[in-house]
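What follows is calculated from the coordinates using simple rules that are stated; it is not laboratory data. All of these numbers come straight from a predicted model, not from anything done at the bench. Positions of Cβ are backbone-derived with ideal geometry, glycine not excepted, and every protein chain shown enters the neighbour counts.
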Amino acid sequence: MNTHTTAGLRTLALALALGSALTAWAQTPSSPAPPQKLRIVGGLAGLNQYTRNEEPFWTKELPRLTQGRYTAEIAPFDRAGVPGTEMLRLIQLGVVPFGTALLSNISAQYPEYAAPDLAGLNPNIATLRKTLAAFRPYLEKSLRERHDIEVLAVYVYPAQVLFCKRALASLTDLQGRRVRVSSATQADFMTALGAIPVLVGFAQLLPNMASGNTECAITGTMSGNLLGLHEVTTHVHTLPVTWGLAVFGANLAAWQALPGDLRAVLSHELPKLETAIWAESERETAEGLACNRGQPSCTTARKGSMTEVASTKEDERWRKEILVGTVLPRWLQRCNQRCKELWDQTIGQAHGIVAPPPK
C-alpha cells in the first residue's frame with residue numbers, strides 16, 4: 001500500500017470513527033437517557049437485500065423489538081465512502097464497529113475466504129447452503145481469532161448468471177467472447193471456456209456493454225434487470241456461475257461492550273434476518289429470470305423479452321470439469337498448502353471433491 005493510500009485510509013478512519021462509532025449515552029441527573037443508537041454499514045445500495053431487509057430491520061424492527069430503547073442508522077457501504085476491499089480491516093480496527101463485508105471483495109487479500117463461492121461450485125441454492133454449512137465454522141473462528149470480528153450473519157445475493165448480446169445454446173458458445181466478470185474465480189471459469197474475462201465494476205457494466213468492450217456480462221438475475229441489461233442483451237443463461245456471499249460482523253470489543261439485553265436481542269433476531277435474506281435471494285433469482293423473459297409473474301421489475309438458456313447435460317459436465325480442473329487449482333495457487341487442507345476438511349469433504357496439490 002502506498003503512502004497516499006495509507007494517508008487516505010487514515011483520514012477515512014478518523015472520519016468514520018467520529019461518525020460511525022456507537023453513539024454514547026447522553027444522560028443528566030434531571031433527564032432520562034435517550035435511546036442508544038448504533039451505526040451500521042450495510043450491503044450494496046439499491047438491491048433488495050438492503051432495501052427490503054437490512055434497512056427496515058435496523059431502522060424499524062430494532063426500535064420495535066426493544067420498545068424504543070435502541071435505534072440504529074444504516075448506510076450501504078458503496079455510498080458511505082467505505083472501500084469494500086478495506087471493510088475487514090476497518091471493522092477490525094473498530095472504525096466501522098458493525099459492517100458488511102463481501103467475501104469477493106476481501107478474498108484478494110485473504111483468498112481462503114473465496115472458497116465457499118468458487119465459480120461453478122454451487123449450481124443451486126441448496127448446494128450453496130450445504131457448502132456454507134461446511135465452511136462456516138472455520139469462517140467464524142478465523143474472523144474472530146485473526147481479525148477480532150464476531151460474525152453475526154452471513155448474507156447471500158441472488159445467482160450471478162450470464163447475459164449475452166448474441167445467441168448461445170450452451171456454455172461452450174462463449175469461446176472468444178469478451179465477458180464482464182467481477183472476481184478472479186469468475187475469470188478462471190470464463191478462461192477455461194475460451195472466453196476473454198474483463199474485470200468491470202457494477203456501475204460501469206452497462207457503459208462497457210454499450211461501447212462494445214464486452215458482449216456478455218455475469219451479474220445477478222434481478223440486478224441485471226434493474227440495471228437495464230434486458231434492453232441491450234438477448235439471451236440469459238440460467239447457470240449460477242457464483243452467488244455472492246457477505247459477512248455481517250462486529251468489532252469484537254464493540255460487540256462485547258453492548259448492553260447485555262441488546263446483545264441478546266441481536267443474537268436472537270439477526271439469524272432471522274439472515275434466513276429472510278436467503279429466502280429473498282432464492283425468490284429473486286427466479287423472479288429476475290421471469291422478468292427478463294417478460295413473464296406475467298414479473299410484478300416488481302421491468303419486463304424484457306430475453307431468451308432463457310437452460311443448463312444442458314453438457315453444461316453440467318463442463319461445470320464440474322472446470323471447477324475441479326481449473327477453478328480449484330487456480331484458487332489454490334492464490335492460496336497455499338493450508339488452503340488445500342482447509343478445503344479437504346470442509347467443503348471438499350461435504351461434496352466429495354479432493355483438492356489437487358498446489359502447483
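Assorted remarks:
- Amide H within-cut-off set for Thr219, under 5 Å, with H built and near neighbours excluded: Val161, Phe163
- Long-range amide H partners of Leu38 with built H, under 5 Å: Thr71, Ala72, Glu73
- In the structure shown, the pairs Lys130/Lys165; Lys165/Lys320; Lys60/Lys303; Lys130/Lys320; Lys141/Lys340 are assessed against 22 Å; a Cα-Cα span above that value is assigned to Lys130/Lys165; Lys165/Lys320; Lys60/Lys303.
- For Asn225, net neighbour charge (Lys/Arg +1, Asp/Glu -1) across residues whose Cβ lies under 12 Å away: 0
- Derived scalar couplings ³J(HN,Hα) [the stretch 114-120; Karplus, 6.51 cos²θ - 1.76 cosθ + 1.60; whole Hz; x for Gly, Pro]: 7, 3, x, 10, 4, 4, x
- Overall, the chain carries a charge dipole of about 240 debye about its Cα centre when +1 sits on the Cβ of Lys and Arg and -1 on the Cβ of Asp and Glu, all other atoms neutral.
- Under Karplus coefficients 6.51, -1.76 and 1.60, residue-wise ³J(HN,Hα) of the stretch 252-269 in Hz, glycine/proline x: 4, 5, 5, 5, 5, 7, 5, x, x, 5, 6, 4, 5, 4, 5, 5, 7, 8
- Restricted to Cα atoms, the stretch 58-209 shows a radius of gyration and a Dmax of 18.4, 59 angstrom.
- Where only alpha carbons of the stretch 174-301 are counted, the Rg and the Dmax (Å): 18.8, 58
- Taking a straight line from the alpha carbon of Lys313, these aspartates and glutamates sit under 17 Å away, with near neighbours fewer than eight places off in the same chain left out: Asp173, Glu321.
- One Cα centroid belongs to the stretch 76-136, the other to the stretch 157-215; the line between them spans 21 Å.
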